[in-house]
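Below is one structure; the comments refer to it alone.
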Amino acid sequence: MINSQATIYTVAKGNYKFGAYALINSLRACGISNPIVVGTNVLLPELEMVENVIQVVLDSTWNGINLKPVLLLAYPAEYFIYFDADIIIHNGDLIKEVEIQIWQEKFFTCIDGIVAEQEIRRSFWQEIYPLKEASALPTYWYYNSGFFAGSYAKYSWILNDWKELNQNHLDPEAYLFNHPKLPMGDQDTFNAVLQSVPLKQLVSIQMPDWLAMSQLHHPFFHIGNFRPNAFLHCTGKEKPWLFKQVPQRAPNTYDDLWYQYIIKLPLPVVCNFKISYLQKQWYERSILSRIIIKLKLLVR
């Protein structure tokens, strides 16, 4: 068995730093000591003295969602694990399992949903990126680009090809839903490349082993290997660090964990994030916050 810790990566451009701090704190709270590389647009003072955390300044105007392969190629490690900054780790056993699989030269990621073999977007994926491997076949699965892991020696070609697709077929400075045939941007280009990876080389997890906060329904049975979920992904635009007032809903599980790792127990990363009295009441689920939510629902 290879005994080499994988390097964990995230991109924390702009206000996503407040998600990255929670991600780092959740990893350490779960007992994960792996080195962490944070891609930033400016050096973050909150991370300067945090043990085993390295900052890499990416001099780029690209949107952060398109910088994932850029960061890993600029600062490579023998084994890599990438998490979007708006992810919180819920179960540290995930990292141990990922390392076992990538030491065996598997590429690890997570399934987001089902896209049929004959679904129209696949024809465009083939147009911009024809299958490379004779043994590779289109699958039903659609992978989420917020989490992936592998061996750099074996899978750096995925990173290189993914970066080129982002550069040549997307507006790298744009967010999602900017390209009519690649609505999910970097995630669609990621899936285009993964069609050339033979299934025997892929390992994945599916919901509920990971949860996307913007998805109320998903096509998988409620069974899983990780209890609680391995990680939570705050997909969508409702990031807790962007809240200006009390939302018209109760906190979800990601909100609860973000509050824990940023406000209540901010270790090892302390960022002194300020929230209002009413927001604190919302996170704490006070009677006052429940009254406010009900009033907002009545008048909307």
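The values are calculated or read from the model by the stated rules, or taken from the named source; none is laboratory data. The structure displayed is predicted, hence computed values, not measured ones. Every residue, glycine as well, gets a Cβ built from its backbone with ideal geometry; the counts of neighbours run over all protein chains shown.
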* Which residues, counting only those in segment 237-285, are touching a residue at least 40 places away in the same chain (Cβ under 8 Å) and of a type in the set (S, T, N, Q)? -> Gln248, Thr253
* Asked: So, of the residues in segment 178-196 that are more than 21 Å from Ser60 (Cβ to Cβ) and either at pLDDT below 90 or not in a helix (DSSP H, G or I) (or both), which turns out to be nearest to the chain's Cα centre (by Cα)?
  -> Pro183
* Structure fact -> When (1) farther than 21 Å from Lys13 by Cα; (2) surrounded by 16 or more Cβ atoms within 10 Å (Cβ to Cβ) are applied to Leu170, the one that fails is (1)
* Subset tally (residues that are part of a loop (DSSP other than H, G, I, E, B), within 20 Å of Tyr21 (Cβ to Cβ) and either of a type in the set (A, V, I, L, M, F, W, C) or in contact (Cβ under 8 Å) with a residue 12 or more places away in the chain (or both)) for segment 48-62 -> 5
* Asked: Hey, among the residues in segment 111-123 that are under 17 Å from the mean Cα position of the chain (by Cα) and surrounded by fewer than 22 Cβ atoms within 10 Å (Cβ to Cβ), which one's nearest to Trp157 (Cα to Cα)?
  -> Ile111
* For Phe148, all conditions in the list (1) of a type in the set (A, V, I, L, M, F, W, C); (2) in contact with a His (Cβ under 7 Å, 6 or more places away or on another chain); (3) at pLDDT 90 or above hold save one; what is the number of the exception? -> (2)
* Of Ile89, Ile158, Ile102, which residue is closer than 28 Å to Pro35 by Cβ, surrounded by 19 or more Cβ atoms within 10 Å (Cβ to Cβ) and in contact with a Cys (Cβ under 7 Å, 6 or more places away or on another chain)? -> Ile89
* Going by the structure shown, is Phe107 closer than 26 Å to Phe231 by Cβ and either in contact (Cβ under 8 Å) with a residue 24 or more places away in the chain or within 20 Å of the chain's Cα centre (by Cα) (or both)? -> yes
* Has segment 109-120 got at least one residue that is at pLDDT 90 or above and β-branched (Val, Ile, Thr)? -> yes
* Asked: Of everything in segment 132-147 that's surrounded by 14 or more Cβ atoms within 10 Å (Cβ to Cβ) and of a type in the set (A, V, I, L, M, F, W, C), which residue is farthest from the chain's Cα centre (by Cα)?
  -> Ala136
* **Residue count for segment 261-300, restricted to those that are of a type outside the set (S, T, N, Q) and on the phi > 0 side of the Ramachandran plot** => 1
* Among the candidates Ile65, Ile8, residue that is at pLDDT below 95, within 30 Å of Pro183 (Cα to Cα), out of contact with any Lys or Arg (no Cβ under 8 Å at 6 or more places or on another chain) and crowded, with 22+ Cβ neighbours inside 10 Å -> Ile65
